[in-house]
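For reference, the structure is listed below as structure tokens.
A short reminder: the numbers here are calculations on the coordinates, not readings from a lab. Source: prediction; values computed, not measured. Every residue, glycine among them, receives a Cβ derived from its backbone with ideal geometry; neighbour counts consider all protein chains shown.
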Amino acid sequence: MKKRRKQSKAEQLIAFNTIVARYEEQLLRYASRIVGGSNAAQDIVQNTFIKLFKKWTDELEPSPKLSSWLYRVAHNCAVDYIRKESRRHLLHLQHAEEIDNFIPPNRGDGFHIGEQAERAAASLRTLTSREQQLVVLKIYEEKSYKEIGEITGLTVTNIGYILHHAMKKMAAELAKVKTHE
């Protein structure tokens, strides 16, 4: 068995920059879909890479193991963000006398989605947080059940069960919208 030499600080920094370039866009896309905002997603991904730099003990190089680890950390950071925002939102509701109409999250200039995509996104928002996360990982991020399990800590069987019921809920919501048109 060949013994690996330890990377120098310069080599680690180059390897780290390579990892960031390789995974940043897909992690931003994933985090954006979970938290519904690009600013929060950027913070989540930044925190993910900070944790990588501080805690990753293996050699820094793109691999399925590293990808799963990054998605898991981003997932956990996103869940923490959602919880924090949920608590903050409840506090604002308690102090507010009246709430104006919901303002959709700012998706950035020039970002437009079609009517069908908007309906799908609306049906996705009717799901629980856990269901949304699993649907995003499976449908948008095209992760396997095994990869989703590594990211979320759930079993493959549990993932299948939750996704099955989430997809049924989304289909029912989409059907409801169709009948009202």
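For Lys143, the amide hydrogen comes within under 5 Å of the amide hydrogens of Lys138, counting only partners 5 or more places away or on other chains and with H modelled in the peptide plane. When restricted to Cα atoms, region 114-181 yields an Rg and a Dmax of 12.6, 41 Å, respectively.
Grouping the Cα pair distances of region 27-72 into 5 Å bins from zero gives a pair-distance distribution of 5, 22, 29, 22, 14, 7, 1 percent in increasing distance order.
Annotation: for a label point projected 7 angstrom from Cα along Cα→Cβ of Ala122, residues of region 137-178 with backbone N closer than 16 Å are 170-178.
Ranked by the mean number of other Cβ atoms within 10 Å of their residues, highest first, the peptides 50-56, 28-34, 125-131 come out as 28-34, 125-131, 50-56.
All other residues whose Cβ lies under 14 angstrom from that of Tyr71 are scored, Lys and Arg at +1 and Asp and Glu at -1, for a net of +3.
Among 35-46, 59-70, sorting by the average number of other beta carbon atoms lying within 10 angstrom of each residue, highest first, gives 35-46, 59-70.
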